[in-house]
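Right, one structure below, let's go through it.
What follows draws every value from the coordinates through simple rules; no lab data is involved. The model shown is predicted, which means the values in this text are computed figures rather than measured ones. Cβ atoms come from the backbone with ideal geometry, glycine included; neighbour counts cover every protein chain shown.
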Amino acid sequence: MNIQENISILPLNTFRMNGRARFLAVYESTDELRYILQHKAELFGNKNIPVLCIGEGSNLLFTKDFEGVLLRSSMRRARAVRETADEVFIEADAGLCMDDLIAQLTDMQLYGLENLSYIPGTVGASAVQNVGAYGVEAKDVIDQVRVLNIQDLNEITLSQADCRFGYRDSCFKHGQGKKYIVSAVTYRLSKQPVYHLEYGQLSQQLPSQPTANQIRQAVIRIRQSKLPDVHKVGSAGSFFKNPVVSKDVYNNLSHSYIDIPSYSVGDGSEYKIPAAWLIEKSGCKSFAVGDATVWQPQPLVLVNQHNAEPQDIVQLAQMIVNRVNRQFGIELQREVIYI
Ligand code: EPU
């Protein structure tokens, strides 16, 4: 275990916000995590100090210094735990980089996660956030999730249904679910191709029977063309969720805006509207506050061009929410979590 005090948060968040955290505790095993949580008084001088488990810090915005303990797993292994004629079950540690896992899986010709290639973040975050891209969500392949309860320090296994996954949502983001820290995720991968190539330009870039690795490379190319490189420009991916509206709301909007893009969701009674379109159509693409700007190829993404302050991002996001609401009567919800 490694504990540091008064550390810079700059390397711990992809938005590249500057600032400080009171402590950073990196643990190498679930027992170490238990020890840290059990001994907060001795280790940090305060048994009630707040704790926050982070992965790669790719979906959060530190709005101020963090006066608590940032917890980070350095467990990064993955292993096959079960195999059937058609499937392999891979259990991966929460601290493993999701894209490193997907690279290994595509090399092994295992299908299921390739559409999620190149998304920043860890295995643990894939469950908390139910990450998704190109017609696939993590929940589609998650079999079970192992978690540590930070109150009673017991480790338990939750089934896929227990996790109550939704669009960029899970039980881990609400109420009692917040007491869990994910320690490992088991994914159910297919030995035979299971294609999800209907989304956008994906199929146009591929042969008719692509390998998992060809799909991975196509997804990486598309993402690189639209999204900022987190190693070069500060961002946290999509800043807002795509709003889901009722059929009535959608019908009203489509009378006024005949070009409004949409996807029918669920049983067809609701529609998902791309937030990028709402942001562009309401004229927010040129909005900026200090160094906080809108990413031109994909305006759903807000970026820190150089030295944006957290409040610049907060203010820019609020300006966009207000403008979209005024024009369309839709209140955009944040995907990024404010700390
Ligand atoms: N669009 C515009 N103007 C633009 C760019 C896009 O109007 O300048 C509209 C277009 O109509 C386009 C639509 O936005 O068809 C959708 O764009 P895109 O396919 O890039 O995807 P998205 O719906 O904006 C979602 C996810 C992404 C994921 C992509 C691909 C959310 C919040 N975002 O974005 O996830 O990569 O689909 O599946 O659901 C993330 O969560 O961080 C993320 C990047």
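A few remarks follow.
- Anisotropy class of region 31-100 from Cα gyration tensor, a/c 1.5 cut: oblate
- Loop-located GluC sites (Glu not before Pro) across region 230-339 with a Cβ neighbour count of 14 or fewer within 10 Å are 331, with loop assigned by DSSP.
- Region 235-338 - convex hull of alpha carbons, volume per residue in Å³: 93
- Largest to smallest principal axis extent of the C-alpha atoms in the chain, angstrom: 62, 54, 36
- Approximate spin-label separation residue 174-residue 156, in nm, with each point projected 7 Å along Cα-to-Cβ: 1.7
- By the equivalent-ellipsoid construction on the alpha carbon gyration tensor, region 78-225 comes out with semi-axes of 27, 16, 12 Å, ordered largest to smallest.
- Among 1-8, 304-311, the order from most to least packed when residues are scored by Cβ within 10 Å on average: 304-311, 1-8
- Looking at region 75-153, the trypsin sites (Lys or Arg not before Pro) that sit in a DSSP loop and have at most 16 other Cβ atoms within 10 Å of their own Cβ are 76, 77.
- Gain on full stretching of the segment that runs from residue 39 to residue 265 - 0.36 nm per residue minus C-alpha separation: 76.7 nm
- Listed pairs 191/272; 47/139; 64/178; 64/226; 64/179 exceeding 25 Å between Cα atoms: 191/272; 47/139; 64/226
- Cα point-scatterer Debye curve for region 112-186, base-10 log of I(q)/I(0) at q = 0.15, 0.21, 0.25 Å⁻¹: -0.45, -0.85, -1.17
- Choice from 54, 279, 222 with maximal GNM fluctuation in the chain (Cα, 10 Å cutoff): 222
- Taken over region 2-73, the convex hull of the Cα atoms encloses 78 Å³ per residue.
- Spatially, region 1-69 and region 178-253 are offset by 29 Å when compared through their Cα centroids.
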